[in-house]
1. Within the stretch A:229-249, which residues are assigned to a strand (DSSP E or B) and within 13 Å of chain B (Cβ to nearest Cβ)?
2. Can you name every residue in the stretch B:142-169 that is in contact with a Ser or Thr (Cβ under 9 Å, 6 or more places away or on another chain) and open to solvent by 20 Å² or more (accessible area, probe 1.4 Å)?
3. Which one of A:Ala135, A:Ala203, A:Ala221 is in contact with a His (Cβ under 7 Å, 6 or more places away or on another chain) and either of a type in the set (D, E, K, R) or at the interface with another protein chain (Cβ under 8 Å from one of its Cβ atoms) (or both)?
4. Against the conditions (1) touching a Gly at 6+ places or on another chain (Cβ under 6 Å); (2) buried (at least 23 other Cβ atoms within 10 Å of the Cβ); (3) part of a loop (DSSP other than H, G, I, E, B), where does A:Arg319 fall short? Just the number, please.
5. Restricting to the stretch B:19-55, give me the number of residues that are modelled with pLDDT of 65 or more and either surrounded by fewer than 10 Cβ atoms within 10 Å (Cβ to Cβ) or at the interface with another protein chain (Cβ under 9 Å from one of its Cβ atoms) (or both).
6. For the stretch B:55-85, which residues satisfy the criterion of being under 17 Å from the mean Cα position of the chain (by Cα) and without any contact (Cβ under 8 Å) to a residue 12 or more places away in the chain?
7. Take the stretch B:98-122 and flag every residue that is more than 22 Å from the chain's Cα centre (by Cα) and either in a loop (DSSP other than H, G, I, E, B) or of a type in the set (Phe, Trp, Tyr) (or both).
8. All but one of (1) touching a strand residue (DSSP E or B) at 6+ places or on another chain (Cβ under 7 Å); (2) more than 7 Å from chain B (Cβ to nearest Cβ); (3) among the charged types (D, E, K, R) hold for A:Lys271; state the number of the condition that does not hold.
Amino acid sequence: MGKISRRTMLGATGGLIAGGLLKTQADALTVAPETAGPQVAQADPTKILGAPTSQLGERAPGEQPRRVMGNPAVAASSRTPLEQLRGIITPADLHFERHHAGVPAIDPDRYELLIHGMVDRPMTFSLADLKRFPAESRIGFVECSGNGGAAYSRNAAQDRSPSQIDGLLSTSEWTGVALSTLLREVGLSSDATWLLAEGGDAAVMSRSIPVEKALDDAMIAYGQNGEAIRPAQGYPARLHLPGWEGNAQVKWIRRLEASDRPSMTREETSKYTDPLADGTARQFSLVMDAKSTITFPTFPYQLPDTGWWEIRGLAWSGRGRITRVDITTDGGNTWVPAQLQDTVLSKCATRFRHIWNWDGDPALLMSRATDETGYVQPDLETLMAARGPGTSYHYNSIRPWRVESDGRVFFGPRDGA
Amino acid sequence: MTRRRQSLLAVMTLASFGCTPPDMSNQGGVAAASVAAEWPASFSIGQNASSAQIAAINIDFGPDGEGAPLGSGSVAEGRAVYDTRCSVCHGATGTEGPNDRLVGRIPDDAFPFGEARGTRRTIGNYWPYATTIFDYVNRAMPMTAPGSLTANEVYAVAAYILFLNEIVPENAVMNAQTLPAVVMPAQNRFVRDNREGGAEVR
């Protein structure tokens, strides 16, 4: 980008005028940065005037993370590139997507949330109404309960990255109105035990939610990381159920019906139920159990050198706070506690780190999360014994990452397994 | 809403953001007793919903049959709907795909899904309630024209899918009474979640 664009130039002029410079000076300045521009890295940036301010920020040219997807024509999901992110927050445009009939285009001015059924006063709330109620913000993860399916196998593919295995996980600051506030406003009957939550997308997605959760910490969210929720995450408003499976956190929410029994929708019968080895299927398995994964070093990285490397990763639990993450670098013979990044939030991703001196020998790295209920992330064999090898959803077993002597890293415990 | 009221509302919305004290100690603890004590019995925000407004989008149809729409459809009528509107994605007999397999039973109605991966789940071998067929198809199918079927057509195609799964006879007619009365082979397979955190892995 050699020539400064007309738009950038106008922006520069405006900014400088606002900054109190005389117009003549500003005009003189705008001709100067012929070669300057956000796209070109300078050999010595201290010797050339930098790019002007702008209305909308951009990522550095060399930092362009993308969601991980299969064939876009058929994909109903895209994944957060976990191994490219730091800290715990997912940029909104990298939040994973899972939808069943595309992303609807909803007119915010015509949007309404209807609450009816076992209530004293059936009511509708416009988006402005929702925003006018006392608001709250909380940082929490959303995870698809099918996340991690690629790891639930004794011979899982090894050329898989954390995002390909666990990328249906994202963490945001959600802002909205507590669902309990709305239920108070409509006068929820004390006999109501379930709420049918329904979306305004082309799947008219519907899930039955226990009232207990609705009154505990559920939120009708309209904000994500400080801005309006993105269309793919439920614009203009969605249900946020901290720590519960993503599918139940109905996006584009248009209706809540209070009742005293679940509706038995397709997504709580045919799908999102967990068949067990004893010939039953677990239903309304809504809480996400404690889980963790290393995000570095992992496939597709290759460690270029022996010496000190920091093992980094994420841990999270739908039941509360992560209390510890243990790390092994020798395939589970010895475990040591990782450092947890302050502040550990309930039902939220927690960043862990562990400094490691790699001697160049093959190494098997694993992380193991414990949450405040005392639940310890199980290994694959323990989880398979509890649920059966054919089960679906809630795949929270320990993720092994194998470092080979040439520094390449693969998923899974065994070479060629 | 008048223009004046609208701008007033905008100001108030902004003000409420500005004044809400950040809650640092407790995630999602805004409804703490001390705050709620200052709250009025009602904020008088929102509009009363009329029964017509509710009826327009109150589309769920659960196992109790409550709210089931009027209408009915036979297996024969359902075959016509299926062949023209569904078979392109679900196959001529509901087993061929390319999308979800809708038809299939397992000998003795066994339920081997947890034991090993591989057995395709179908309406006949996995779905616990017949009402879910109506509820779901009425919402979401056909995929490329959701909500385009009449109640009669949805009852009919449900009858046909149940017939293909050998759950109802060829002369069956589905309606608000008969569909909830169908007992599905897998109905008793479903159990409530018994995971509760703590040391035990379930």
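The values are calculated or read from the model by the stated rules, or taken from the named source; none is laboratory data. These figures come from a predicted structure and were not determined experimentally. In this analysis, Cβ positions are derived from the backbone assuming ideal geometry, glycine residues included, and neighbour counts consider all displayed protein chains. In case anyone asks, the SASA skips ligands and DNA or RNA and just uses the protein heavy atoms, side chains included. Shrake-Rupley method; radii C 1.70, N 1.55, O 1.52, S 1.80 Å.
1. Listed by number, the residues that qualify are A:His240, A:Trp244, A:Glu245.
2. Matches in the stretch B:142-169: B:Ala151, B:Asn152, B:Leu164.
3. Numbers: A:Ala135 fails: in contact with a His (Cβ under 7 Å, 6 or more places away or on another chain); A:Ala221 fails: either of a type in the set (D, E, K, R) or at the interface with another protein chain (Cβ under 8 Å from one of its Cβ atoms) (or both).
Checking each option against the conditions leaves just A:Ala203.
4. Just one mismatch for A:Arg319, condition (2).
5. Count: 19.
6. Of everything in the stretch B:55-85, those that are under 17 Å from the mean Cα position of the chain (by Cα) and without any contact (Cβ under 8 Å) to a residue 12 or more places away in the chain turn out to be B:Ala55, B:Ala56, B:Ile57, B:Asn58, B:Glu66, B:Gly67.
7. B:Pro98, B:Arg105, B:Ile106, B:Ala110, B:Phe111, B:Phe113, B:Glu115, B:Ala116, B:Arg117, B:Gly118, B:Thr119, listed by residue number.
8. (1)
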